[in-house]
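Participant: One structure is given below, represented as structure tokens, and several questions about it will come after.
The values are calculated or read from the model by the stated rules, or taken from the named source; none is laboratory data. Everything numeric in this text was worked out from a predicted model, so none of it was measured. Glycine also receives a Cβ, built like all others from the backbone with ideal geometry; neighbour counts cover every protein chain displayed. For the accessible areas, the whole protein counts, side chains as well, though only heavy atoms, and no ligand, DNA or RNA atoms are used. Shrake-Rupley method; radii C 1.70, N 1.55, O 1.52, S 1.80 Å.
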Amino acid sequence: MYATPVQELIDELGRLPGIGPKSAQRIAFHILKSPAEDAARLANAVNAAKTRVTWCRRCFNFAETDPSADDGTGVECDICSNPRRDPSVLCVVEEPRHVVAIEKSGWFKGRYHVLMGALSPIDGIFAEQLRIKELLARIEAEGVSEVILCTDPDQEGSATAMYLVREFKHLPVKLKVTKVAVGLPVGSELEFADELTLTMALEDRREVS
Amino acid sequence: MSLYRDRGVVLRSYKLGEADRIVVLLTPEHGKVRAVAKGVRRPKSKIGGRLEPLSHVELLLWGGKELDIVRQAELAEPWHFLRRDLVHLSRGMAMAEAAEQVAQEGEPAEALYVMLVKALRTLDERPGPLVVASFYWKLLALDGAGPVLGSCANCGASPPAVSLVAFDIAQGGALCRACRRGEPLSPAAHELVSWILGGSLARALEVPASSTTAEVAHLATVSLEAHLEKHLRTARALEPA
């Protein structure tokens with residue numbers, strides 16, 4: 001129906017997550033109607049992200065490639081290479097975007113470890129597919145004294161956290177393992193909380209005086 | 001397209017878009033239901049916590065063309081211990097995975113629903129090594145593939161004239177030495193499976209973990225996989241390496 005380049009653009013956009021055929025068509029038309037420099041900037045940004053971004057060799061967060069700093073063993077992300085971050089505390093998350101979410105809070109000053117997913121045998125995701133082996137290796141090698149489990153509070157995230165707790169028990173080092181609290185969101189009202197969240201909030205209660 | 005009420009167990013869920021999920025439910029009146037739960041991945045969602053896999057919920061759904069929409073969900077029965085232990089959680093998921101394979105969309109599934117709820121309740125209250133295996137054996141029977149255990153499924157010879165030493169669900173059940181094929185079957189495992197399917201389920205569920213319970217669990221998984229012609233990933237993850 002469309003000229004080949006237009007159809008190819010719609011097809012490629014349609015392969016992106018959350019973009020259906022209608023949205024792909026709308027975005028393609030927007031790009032075609034935009035000035036040539038805007039389209040070129042988008043193409044350059046996609047190209048640059050793809051060629052200059054890789055995984056941090058330490059935590060598996062996104063990291064920018066730097067040929068001058070790469071000694072053949074890979075590069076480190078800004079957080080891992082920052083000497084002001086506390087290397088004794090590791091925050092374990094499922095995805096790189098969770099690093100961004102925690103960084104926005106401004107509270108955490110340690111380092112991260114990205115698992116690249118969560119356990120879900122029903123979907124064919126087992127421990128071997130996640131960066132768990134690398135996490136266990138880091139704990140002793142980097143002198144980590146506390147691990148904060150910050151997986152999603154859903155079934156897969158909880159299963160992953162429980163699995164990690166079991167694995168940590170086999171380590172020959174003394175390790176404090178904590179888990180982010182699950183409870184009521186700030187600004188919400190108690191009566192609208194579901195029973196599971198409320199139960200967990202009560203279980204995770206803390207002494208205030 | 002209209003609103004309808006039903007009860008259900010959440011068998012699994014998939015992420016959809018930015019903050020939604022597709023939940024697969026097993027309901028007594030509507031069988032397997034696939035429904036969109038909008039905004040449940042947001043922290044302030046009122047129903048997100050109730051639609052986690054294995055939750056037993058009272059539902060108000062809007063019937064759609066392809067996918068229904070969850071309008072309301074209330075917890076029908078809280079599982080207090082099921083989610084706190086990796087093994088129990090995995091066992092629950094193994095049963096949900098099997099139930100999803102058997103249930104059909106739009107076909108009432110009262111018996112399967114009741115069986116799954118009872119199995120999850122048992123897992124929550126007094127988990128034993130044979131909860132999942134018992135569910136699998138009962139599921140086979142419910143699906144019309146209950147094994148022959150009293151005599152050889154191939155030649156019909158009965159003990160004590162012959163010993164039943166093997167098991168093959170494709171042949172119909174236990175097999176004598178002359179007809180043996182499939183998996184080996186010990187006398188103790190044969191007795192345990194007979195208890196599960198012969199009205200002594202409570203007795204079987206009290207049996208402590210042993211090599212016999214592992215054998216019964218393995219036979220149940222192999223048999224159900226052969227019957228469904230599908231690999232049960234969660235059950236396999238539970239088996240010792």
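Participant: Please compute, over every Cα-Cα pair in segment A:83-207, the percentage with a separation greater than 25 angstrom.
Facilitator: Working: 2264 of 7750 pairs.
When every Cα pair of segment A:83-207 is considered, 29 percent fall beyond 25 Å.
Participant: Relative to the longest principal axis of chain B, what angle (0 to 90°, nearest 10) does the C-alpha long axis of helix B:86-102 take?
Facilitator: Relative to chain B, helix B:86-102 is tipped by roughly 90 degrees.
Participant: Sticking with this one: Subtract the Cα-Cα distance of A:Lys109 and A:Ser23 from 0.36 nm times their separation in residues, and report this length gain in nm to one decimal. Mind showing how you got there, number by number?
Facilitator: On the way: separation 86, 0.36 × 86 = 30.96 nm, distance 3.97 nm.
That works out to 27.0 nm of additional length.
Participant: Count the DSSP beta bridges whose two residues both fall in the protein assembly as shown, then state the antiparallel fraction as a percent rounded to the nearest 5. Write down the numbers at each step before the final one.
Facilitator: Working: 39 of 56 bridges.
Just about 70 percent of them are antiparallel.
Participant: If one takes the longest principal axis of the Cα atoms in chain A, at what angle in degrees, from 0 to 90 and to the nearest 10, does the Cα axis of helix A:4-14 lie?
Facilitator: 10 degrees
Participant: Carbon and sulfur: what percent of segment A:83-207's accessible surface (1.4 Å probe)? Working shown, then result.
Facilitator: On the way: 3910 of 7030 Å².
Carbon and sulfur: 56 percent of the exposed surface of segment A:83-207.
Participant: Evaluated at 20 °C with a viscosity of 1.002 mPa s, what Stokes-Einstein diffusion coefficient in µm²/s does segment A:1-85 have when Rh comes from the Kirkwood expression over alpha-carbon pairs? Intermediate results must be reported in sequence, preceding the final value.
Facilitator: Values: Rh = 15.5 Å.
It diffuses with D of about 138 µm²/s by this estimate.
Participant: Hey, what number do you get for chain A at 222 nm if only DSSP H runs of n ≥ 4 count, each worth -39500 (n - 2.57), divided across all residues, to the nearest 500?
Facilitator: Numbers: 7 runs with 84 residues, N = 209.
Helix-only estimate at 222 nm: -12500 deg cm²/dmol.
Participant: Identify the GluC sites (Glu not before Pro) of segment B:27-132 meeting these criteria: DSSP loop state and at most 11 other C-beta atoms within 10 Å of the C-beta. Working shown, then result.
Facilitator: Values: sites: B:Glu29, B:Glu58, B:Glu66, B:Glu74, B:Glu97, B:Glu100, B:Glu105, B:Glu110, B:Glu125; in loops: B:Glu29, B:Glu66.
Passing sites in segment B:27-132 are B:Glu66.
Participant: How big is chain B by the Kirkwood estimate over distinct Cα pairs, in Å? Intermediate values should be presented prior to the final figure.
Facilitator: On the way: mean 1/r = 0.0529 Å⁻¹.
Hydrodynamic radius (Kirkwood, Cα pairs) of chain B is 18.9 Å.
Participant: Ignoring ligands, DNA and RNA, what percent of the accessible area of segment B:128-238 is carbon or sulfur (1.4 Å)?
Facilitator: Values: 2590 of 5000 Å².
The computed percentage sits at 52.
Participant: While we're looking at this one, here's another question. Compute the angle between helix B:211-228 and the longest alpha-carbon principal axis of chain B, please, reported from 0 to 90 degrees and rounded to the nearest 10.
Facilitator: Orientation of helix B:211-228: about 70 degrees from the principal axis.
Participant: Which one, A:Leu164, A:Leu32, A:Leu119, has the greatest fluctuation when you compute a Gaussian network model over chain A with C-alpha springs under 10 angstrom?
Facilitator: Looking only at A:Leu164, A:Leu32, A:Leu119, the biggest GNM fluctuation is shown by A:Leu32.
Participant: Additional query: Distance from a point 7 Å along Cα→Cβ of B:Ser194 to each backbone N in segment B:137-158: keep the residues under 14 Å and list them by number.
Facilitator: B:148-153, B:158
Participant: For segment A:4-51, which whole percent of the accessible surface, found with a 1.4 angstrom probe, sits on carbon and sulfur atoms? Don't skip to the end; give the middle numbers.
Facilitator: Values: 2260 of 3720 Å².
Here carbon and sulfur together make up 61 percent of the probe-accessible area.
Participant: If you don't mind, there's one more thing I want to ask. Can you pull out the GluC sites (Glu not before Pro) in segment A:178-209 that DSSP calls coil and that have at most 10 other Cβ atoms within 10 Å? Walk me through the intermediate numbers first.
Facilitator: Working: sites: A:Glu189, A:Glu191, A:Glu195, A:Glu203, A:Glu207; in loops: A:Glu189, A:Glu207.
Sites meeting the loop and neighbour criteria: A:Glu189, A:Glu207.
Participant: Continuing with this model, one more query. Using 1/(1 + (r/R0)^6) with R0 = 35 angstrom and r between the beta carbons of B:Arg126 and B:Gln104, what's the FRET efficiency to the nearest 0.05?
Facilitator: After rounding, the FRET efficiency stands at 0.65.
Participant: Another question, if that's okay. Any chance you could check the Cα centroid distance between segment B:1-38 and segment B:161-183 for me, in angstrom?
Facilitator: Between the Cα centres of segment B:1-38 and segment B:161-183 lies a distance of 41 Å.
Participant: Ok, one more. Ignoring solvent entirely, what values of log10 I(q)/I(0) come out of the Debye formula for the protein assembly as shown at 0.13 Å⁻¹ when each Cα is a single scatterer?
Facilitator: -1.25
Participant: A follow-up question, please. Just grab the label-to-label distance for A:Gln7 and A:Ser188, each label 7 Å out from Cα along the Cβ direction, in nm (one decimal).
Facilitator: 4.8 nm
Participant: Between B:Tyr4 and A:Glu128, what FRET efficiency comes out of the Förster formula 1/(1 + (r/R0)^6) with R0 = 51 Å and r the beta carbon distance, rounded to 0.05?
Facilitator: Numbers: r = 43 Å, r/R0 = 0.84.
Given R0 = 51 Å and the Cβ-Cβ separation, E is 0.75.
Participant: Cross-link partners among aspartates and glutamates for A:Lys33, C-alpha distance below 16 Å, same-chain residues fewer than 8 apart left out?
Facilitator: Of all the aspartates and glutamates, none pass the test against A:Lys33 - Cα under 16 Å, at least 8 places apart if same chain.
Participant: Right, another one. Which value in nm describes the separation of the simple spin-label points at A:Glu203 and B:Lys44, placed 7 Å from the Cα toward the beta carbon?
Facilitator: Calculated label separation equals 2.6 nm.
Participant: A follow-up question, please. Normalised by the number of residues in segment A:83-207, what is the relative contact order in percent for Cα pairs under 8 Å and 6+ residues apart?
Facilitator: Details: 152 pairs, mean separation 29.2, N = 125.
That works out to 23 percent.
Participant: Divide, for segment B:128-238, the radius of gyration over alpha carbons by 2.2 N^0.38 Å, where N is the residue count. Before the final figure, lay out the partial values.
Facilitator: Numbers: Rg = 13.0 Å, N = 111, 2.2 N^0.38 = 13.2 Å.
Cα Rg divided by the expected 2.2 N^0.38 Å: 0.99.
Participant: Counting only helical runs of four or more DSSP H residues, what would the 222 nm mean residue ellipticity of chain B come to if each run contributes -39,500 (n - 2.57) and the total is spread over all its residues?
Facilitator: Numbers: 7 runs with 85 residues, N = 241.
Helix-only estimate at 222 nm: -11000 deg cm²/dmol.
Participant: A follow-up question, please. State to the nearest 20 debye the size of the charge dipole of chain B about its Cα centre, where the only charges are +1 on K and R beta carbons and -1 on D and E beta carbons. Present the calculation step by step, with values, prior to reporting the outcome.
Facilitator: On the way: 29 positive and 27 negative charges, 137 e Å.
My answer is approximately 660 debye.
Participant: Still on this structure, I have one more. Rg over Rh of chain A, using C-alpha atoms and the Kirkwood radius, what does it come to?
Facilitator: Working: Rg = 21.6 Å, Rh = 20.5 Å.
Rg/Rh: 1.06.
Participant: Give the relative contact order (percent, whole number) for chain B; include only Cα pairs under 8 Å separated by 6+ residues.
Facilitator: Details: 464 pairs, mean separation 39.2, N = 241.
Here the relative contact order equals 16 percent.
Participant: Please calculate how many Å² of accessible area the protein assembly as shown carries per residue, with a 1.4 Å probe and no DNA, RNA or ligand atoms counted.
Facilitator: Values: 24310 Å² over 450 residues.
Normalised by residue count, the accessible surface of the protein assembly as shown is 54 Å².
Participant: A further question follows. Let me confirm one metric for peptide A:146-155, namely the mean number of other chain beta-carbon atoms within 10 Å of its residues' beta-carbons. The partial results should precede the final answer.
Facilitator: Numbers: counts 0, 0, 0, 0, 0, 0, 1, 4, 10, 11.
Across A:146-155, the average partner-chain Cβ count within 10 Å equals 3.
Participant: What is segment A:19-141 by shape, rounded, prolate or oblate, if you read a ≥ b ≥ c off the alpha carbon gyration tensor as root eigenvalues and call it rounded for a/c under 1.5, prolate for a/b larger than b/c, and oblate otherwise?
Facilitator: Prolate, since a/c reaches 1.5 and a/b exceeds b/c.
Participant: Another question about this same structure. Using only protein heavy atoms and a 1.4 angstrom probe, determine the accessible area buried between A and B, summed over both sides, in Å² to the nearest 100.
Facilitator: Numbers: alone 14380 and 12120 Å², together 24310 Å².
When A and B are taken together, about 2200 Å² of accessible area is lost.
Participant: What shape does segment A:4-51 take by its C-alpha gyration tensor, where a ≥ b ≥ c are the square roots of the eigenvalues and a/c under 1.5 counts as rounded, a/b above b/c as prolate, and the rest as oblate?
Facilitator: Details: a/c = 1.97, a/b = 1.25, b/c = 1.57.
Verdict is oblate for segment A:4-51.
Participant: Which parts of segment B:14-59, residue by residue, lose 20 Å² or more of accessible area when the rest of the protein chains are there, as against the chain isolated (1.4 Å probe)?
Facilitator: Buried on complex formation: B:Lys15, B:Arg21, B:Pro43, B:Lys44, B:Lys46, B:Gly49, B:Arg50, B:Glu52, B:Pro53.
Participant: Still on this model: Give the calculated FRET efficiency between A:Ala49 and B:Cys155 to the nearest 0.05, with a Förster radius of 56 Å applied to their Cβ-Cβ distance.
Facilitator: Values: r = 68 Å, r/R0 = 1.21.
Result of the calculation: an efficiency of 0.25.
Participant: Report the residue, chosen from B:Ala133, B:Ala174, B:Ala209, that carries the largest GNM mean-square fluctuation when chain B is represented by alpha-carbon nodes joined by springs under 10 Å.
Facilitator: B:Ala209
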